[in-house]
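S.K.: My structure is below; once you've seen it, I'll send some questions.
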Amino acid sequence: MDKSRTTTILAAVISVFLVLTIVGQMIVIPENSCRTETARLYELQDTVEFDGVFIRDEHTVERTYNGVLQYEHEDGSRLAINSVMASVYASSADIDTCARIEKLNKRIETLRDAQSLAGADGSQAEAYNKLIGEKHTEIIAALDEGNYKKASELKYEMLSLQSKRDIAKGRAESYESVISGLESEVRELSARISSEPQALISGETGYFVSSADGYEGELSMDGARQVTPEQIKDIVKAPKKDVSGGNVIGKMIDGYKWKLAAVLEDGRASLLSVGDKENIYFGSDGSMLTVTVEYIQKYSDNETVVIFSGDTLNAQLASARTGKFELVISRYSGIRISADAIRINDKGEKGVYILFGNEGYFRRVTEIYSGEDFVIVEHRPNNQDKYIDLYDNVIVEGKFKIHVSEEESSNEQST
């Protein structure tokens, strides 16, 4: 056969095949062309925002001193009688020098502890590797929580484990020369300190805070129910008064319990009842607090004073007088789907169609929340009673063929 004729025939066959393929696609695609989304778990919370005022039993602490203060504890720390609240240094340079000396002494202690293992066999090396990994995870968790003091303490614990591992593995025979160098540096730094720091001692037991706002003598737990909407608003506008007079170095909180006063619109306050346990979000980090509704007093059609009580105390709570809060009114958890995906089948059942292969299968839904363009529906695992399940391919819009079953007739659905 002529070579050119063979080429012509092959080209014609390929052209016909391409035309048939294109035509086939044009015929098939419109019959099953639809937009889908994956069914996923979703949680939604309705919240009410408000400004609140913390009320605690507390009083200012005064001490006479001459120099620069260095507080020894995190705000909200519980101090016993005769605890050191703060140290007074001659200068800021002395504070930095003493901090450096403290770090060096911790390192020396770590190395001396590891040195005690010199001459031991390496059987414990693998155990130290595991402990080092666990300590590293703890450090990351502490940093994520913003607890830098704890992270610093964990760092020295990890350094101790690493030093012990190196001794156990024979990587280091002795730390004596390193310890000697560190001790020499400590002596040199100690000689630079102008004078020994003066300790300011606590004369009582309580939770110490290194600042005062002037409301310590005006607000008390027993008087919380007498606080008016006007007082709450005034404190929110001006959460700190001048306390520069005297020698105030901070304040002492009598106990870990506190109250929170807020002014809510009556419509929002009506959702609460005395004795209810509620969740509120507080602060820039959005930490959640569990509180009890202790008192509700309506003052006008638009103003109701609500007193919450709580028993969680940390640095942020102890040092705050006011704050922005969000009260969780309701919480919804289920599968989120687009509102456009909702269908009613020929039995009058509400549901969605999920795409499986080239066909749409009906799945029932029970709505628990309806938004502007989406709904949250109940999650029943494993397609229980033919309900929607996680990761189903939900048809939102388009043209598709409904699956034929004993209960459903063959037809097309279009949106």
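A short reminder: the numbers here are calculations on the coordinates, not readings from a lab. Everything quoted here is computed from the prediction, not taken from an experiment. Note that we place each Cβ from the backbone using ideal geometry, even for glycine, and neighbour counts take in every protein chain shown.
S.K.: Per Stokes-Einstein, at 20 °C and 1.002 mPa s, what whole-number D in µm² s⁻¹ belongs to the chain, with the Kirkwood radius over Cα pairs as the hydrodynamic radius?
M.R.: It diffuses with D of about 74 µm²/s by this estimate.
S.K.: Placing +1 on the Cβ of each Lys and Arg and -1 on the Cβ of each Asp and Glu in the chain, which of G206, N345, T47 has its Cα farthest towards the positive end of the resulting dipole?
M.R.: Result: N345, furthest along the dipole toward the positive end.
S.K.: When the chain is fully extended, how far beyond the present Cα-Cα distance does T228 get from E43, taking 0.36 nm per residue of separation?
M.R.: 63.0 nm
S.K.: Hand me the trypsin sites (Lys or Arg not before Pro) from the stretch 321-406 located in a DSSP loop with no more than 13 other Cβ atoms within 10 Å, in residue order please.
M.R.: Sites meeting the loop and neighbour criteria: K347.
S.K.: Please say if the stretch 234-354 is rounded, prolate or oblate, where rounded means a/c under 1.5 for a ≥ b ≥ c the square roots of the C-alpha gyration tensor eigenvalues, and otherwise the choice is prolate for a/b larger than b/c and oblate otherwise? Mind dumping the intermediate values first?
M.R.: Values: a/c = 3.07, a/b = 2.33, b/c = 1.32.
Judged from the Cα gyration tensor, the stretch 234-354 comes out prolate (a/c at least 1.5, a/b above b/c).
S.K.: Modelled label-to-label distance, I368 and S152, 7 Å Cα→beta-carbon offset: nm?
M.R.: Inter-label distance under the simple model: 4.5 nm.
S.K.: Further, regarding this structure: About the Cα centre, and with charges only on the beta carbon of Lys, Arg (+1) and Asp, Glu (-1), how big is the dipole of the chain? Nearest 20 debye, please.
M.R.: Taking the Cα centre of the chain as origin, the dipole is about 1060 debye.
S.K.: Setting aside same-chain residues fewer than 8 positions from K130, which lysines have a Cα under 17 Å from its Cα?
M.R.: K155, K164, K169
S.K.: Another question, then. So what is the relative contact order of the chain, in percent, for Cα pairs below 8 Å that sit 6 or more residues apart?
M.R.: Numbers: 763 pairs, mean separation 102.3, N = 415.
Relative contact order for the chain comes out at 25 percent.
S.K.: Residues with beta-carbon under 14 Å from that of L154, excluding L154: net charge, scoring Lys, Arg +1 and Asp, Glu -1?
M.R.: -1
S.K.: Need the list of lysines near K347 for cross-linking: C-alpha distance under 20 angstrom, and skip anything on the same chain fewer than eight residues off.
M.R.: The reachable lysines, counting only those whose Cα sits under 20 Å from K347, are K386, K401.
S.K.: Out of Q115, Q226, Q384, any idea which swings most in a Gaussian network model of the chain, alpha carbons joined below 10 Å?
M.R.: Q384
S.K.: Of the listed pairs K135/K324; K150/K259; K135/K277; K106/K324; K149/K257; K237/K257, which have alpha-carbon separations greater than 32 Å here?
M.R.: Cα-Cα > 32 Å for K135/K324; K135/K277; K106/K324; rest within.
S.K.: Further, regarding this structure: Just to confirm a number: summing +1 for Lys and Arg and -1 for Asp and Glu over residues other than Q70 whose beta-carbon lies under 12 angstrom from that of Q70, what do you get?
M.R.: Local net charge: -4.
S.K.: Could you tell me how far the Cα centroid of the stretch 160-185 sits from the Cα centroid of the stretch 331-379, in Å?
M.R.: Cα centres, the stretch 331-379 to the stretch 160-185: 65 Å.
S.K.: Kindly list the residues of the stretch 324-343 that lie in the label zone of L390, defined by a backbone N under 19 Å from the point 7 Å along the Cα-to-C-beta vector.
M.R.: Hits in the stretch 324-343 for L390 at 19 Å: 332-338.
S.K.: With unit charges on the beta carbons (Lys and Arg positive, Asp and Glu negative) and the dipole taken about the Cα centre of the stretch 39-142, which residue among A125, A93, H59 sits farthest to the positive side?
M.R.: A125
S.K.: With N set to the number of residues, divide the alpha-carbon radius of gyration of the stretch 209-284 by 2.2 N^0.38 Å and report two decimals.
M.R.: My calculation over the Cα atoms of the stretch 209-284 gives 1.32.
S.K.: Let me ask another. Summing +1 for each Lys or Arg and -1 for each Asp or Glu, what net charge is found among the other residues whose Cβ lies under 14 Å from the Cβ of N393?
M.R.: Details: positive: R35, R40, R363; negative: E37, E359, D389, D392, E397.
Spelling it out: positives minus negatives among the neighbours equals -2.
S.K.: Subtract the Cα-Cα distance of V84 and E204 from 0.36 nm times their separation in residues, and report this length gain in nm to one decimal.
M.R.: 42.1 nm
S.K.: Based on the Cβ-Cβ distance of A127 and E183, what FRET efficiency does E = 1/(1 + (r/R0)^6) give at R0 = 45 Å, to the nearest 0.05?
M.R.: 0.90
S.K.: In the Gaussian network model of the chain, springs joining C-alpha atoms below 10 Å, which of S338, S87, S177 carries the largest mean-square fluctuation?
M.R.: Looking only at S338, S87, S177, the biggest GNM fluctuation is shown by S177.
S.K.: Additional query: Report, in cubic angstrom per residue, the convex hull volume of the C-alpha atoms of the stretch 345-399.
M.R.: 100
S.K.: Given N residues in the stretch 91-194, what is its alpha carbon radius of gyration divided by 2.2 N^0.38 Å?
M.R.: The stretch 91-194 yields a ratio of 1.24.
S.K.: Nothing charged except the Cβ atoms of Lys and Arg (+1) and of Asp and Glu (-1): what's the magnitude of the dipole of the stretch 253-306 about its Cα centre? Round to the nearest 20 debye.
M.R.: Working: 5 positive and 9 negative charges, 32 e Å.
That gives the stretch 253-306 a dipole magnitude of about 160 debye.
S.K.: Okay, moving on. In the chain, if the dipole is taken from +1 on Lys/Arg beta carbons and -1 on Asp/Glu beta carbons about the Cα centre, which of A114, V68, V305 is farthest to the positive end?
M.R.: Positive-end residue among those listed: A114.
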